[in-house]
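Asker: Can you read through this structure? Questions will come right after.
The values are calculated or read from the model by the stated rules, or taken from the named source; none is laboratory data. Quick caveat, the model's predicted, so the values are computed rather than measured. Here the Cβ positions follow ideal geometry from the backbone for every residue, glycine too, while neighbour counts run over all protein chains shown.
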Amino acid sequence: MARRSIEINGERWEIYPSGRVTQYSRDEFALIFEKGTGPDRVRRVMRYSPLGARRPDRALADLSDRRLVEFFGTSQPAWTSPEVRYARTSD
């Protein structure tokens with residue numbers, strides 16, 4: 001699975017496609033923003049629709065760091081998303 005790492009507000013976040021397949025998998029997929037591990041892990045999720053039918057790992061690789069920061073700003077806490085099983089975290 002493709003991963004990216006960026007710094008947002010002084011914190012290091014890992015970004016990767018969720019891998020969850022939906023009826024819209026050819027048009028959109030979820031990006032998971034994650035920092036920390038274990039019980040201190042924080043995850044956020046946002047849906048992304050790349051231009052053209054492209055694989056999620058390739059679409060993620062093509063995104064600029066600036067665009068990823070913008071996406072982070074519109075992401076939702078993990079507990080609001082089925083991509084991470086509505087997991088409650090410390091965010």
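Asker: Within the range 68-78, how many residues are in a helix (DSSP H, G or I) and either in contact with a Leu (Cβ under 9 Å, 6 or more places away or on another chain) or at pLDDT 85 or above (or both)?
Answerer: Adding up the residues that qualify gives 6.
Asker: Just to be sure I understand, how many residues within the range 42-71 are in contact with a helix residue (DSSP H, G or I) (Cβ under 6 Å, 6 or more places away or on another chain) and among the small types (G, A, S)?
Answerer: Residues meeting the conditions: 0.
Asker: Would you tally the residues in the range 57-67 being farther than 15 Å from S18 by Cβ and either part of a helix (DSSP H, G or I) or touching a His at 6+ places or on another chain (Cβ under 6 Å) (or both)?
Answerer: The number of residues fulfilling the criteria is 6.
Asker: Restricting the search to the range 55-80, which residues are aromatic (F, W, Y) and in contact (Cβ under 8 Å) with a residue 24 or more places away in the chain?
Answerer: Selection gives F71, F72.
Asker: Just a yes or no: is a residue in the range 39-59 at pLDDT 85 or above, among the small types (G, A, S) and surrounded by fewer than 14 Cβ atoms within 10 Å (Cβ to Cβ)?
Answerer: There is no residue in the range 39-59 that is at pLDDT 85 or above, among the small types (G, A, S) and surrounded by fewer than 14 Cβ atoms within 10 Å (Cβ to Cβ).
Asker: Let me ask something else. Return only the number of the condition from (1) at pLDDT below 85; (2) in a helix (DSSP H, G or I) that Y86 does not satisfy.
Answerer: It is condition (2) that Y86 fails.
Asker: Scanning the range 1-38 for residues that are among the charged types (D, E, K, R) and assigned to a loop (DSSP other than H, G, I, E, B), which turns out modelled with the highest pLDDT?
Answerer: R3
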